[in-house]
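K.L.:
First the structure, then my questions, so here it is.
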Amino acid sequence: MGFFDKVLGKKEKFPQLAQEHPVMSRLQSDMPGIETLASQISDPIELVPAEKATYVFIGKPPKHFGMAWVEGGEVRDFKTLAKQKGMTSLDLKPVMDKIKEAYEKNSSDEHFSMKVADRDVVITPAAALAGEVEQIILGVSS
């Protein structure tokens, strides 16, 4: 990637996710929420399908990103979780640091693209990353 690509924000191209890919069933069950999120957010989106949800990295992980997760039609994020649990942003910083570490550790996995709500999103079917993120979020939400 050259200097102008970085300045102009040129996106890396990934192959389309095949309909028969094993993560497709998870994505299909979460698609109503994923489409809602994709239509509301202009930042880049990376989907990490897991056993219980699809985790959504928003922005440019691992440096600058936000996070949401979709279970069926329901979209959740740390803002709503913090409200439910009476947590502050300072309480959530170690959680985000753990997620950042998990992302960095598992960043070499394959990537695909997919059209969602008339935009291209990145799909990362990384079981290790999905499992770690799921455990981190379940640990905070329980």
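K.L.:
Take residue 81 and decide whether it is loosely packed, with under 12 Cβ neighbours inside 10 Å, among the hydrophobic types (A, V, I, L, M, F, W, C) and either over 12 Å from the mean Cα position of the chain (by Cα) or under 27 Å from residue 22 (Cα atoms) (or both).
P.N.:
No.
K.L.:
Can you find a residue that is closer than 22 Å to residue 30 by Cα, among the hydrophobic types (A, V, I, L, M, F, W, C) and touching a strand residue (DSSP E or B) at 6+ places or on another chain (Cβ under 9 Å) anywhere in segment 75-86?
P.N.:
yes
K.L.:
May I ask you to list the residues in segment 29-79 that are touching a residue at least 12 places away in the same chain (Cβ under 8 Å) and of a type in the set (Ser, Thr, Tyr)?
P.N.:
Once the filter is applied, which keeps residues that are touching a residue at least 12 places away in the same chain (Cβ under 8 Å) and of a type in the set (Ser, Thr, Tyr), segment 29-79 yields 29, 36, 39, 54, 55.
K.L.:
Name the single residue that is surrounded by the fewest Cβ atoms within 10 Å (Cβ to Cβ) among those in segment 19-42 being β-branched (Val, Ile, Thr) and part of a helix (DSSP H, G or I).
P.N.:
It comes out as 36.
K.L.:
Now a separate question. Restricting to segment 97-137, name every residue that is farther than 25 Å from residue 35 by Cβ and either free of Cβ contacts under 8 Å to residues at least 40 places away in the same chain or of a type in the set (D, E, K, R) (or both).
P.N.:
Across segment 97-137, the qualifying residues are 97, 98, 100, 101, 102, 104, 105, 106, 108, 128, 132, 135.
K.L.:
Shifting gears a bit: Just a yes or no: is a residue in segment 78-89 touching a Pro at 6+ places or on another chain (Cβ under 9 Å) and under 20 Å from residue 51 (Cα atoms)?
P.N.:
Step one: of segment 78-89, the residues touching a Pro at 6+ places or on another chain (Cβ under 9 Å) are none.
So far as segment 78-89 goes, no, none of its residues is touching a Pro at 6+ places or on another chain (Cβ under 9 Å) and under 20 Å from residue 51 (Cα atoms).
K.L.:
A further question on this structure: Just one of the numbered conditions (1) surrounded by 12 or more Cβ atoms within 10 Å (Cβ to Cβ); (2) at pLDDT below 95; (3) under 18 Å from residue 141 (Cα atoms) is not true of residue 107; which one?
P.N.:
(3)
The values are calculated or read from the model by the stated rules, or taken from the named source; none is laboratory data. Just so it is clear, the model here is predicted, and its values are computed rather than measured. Cβ atoms come from the backbone with ideal geometry, glycine included; neighbour counts cover every protein chain shown.
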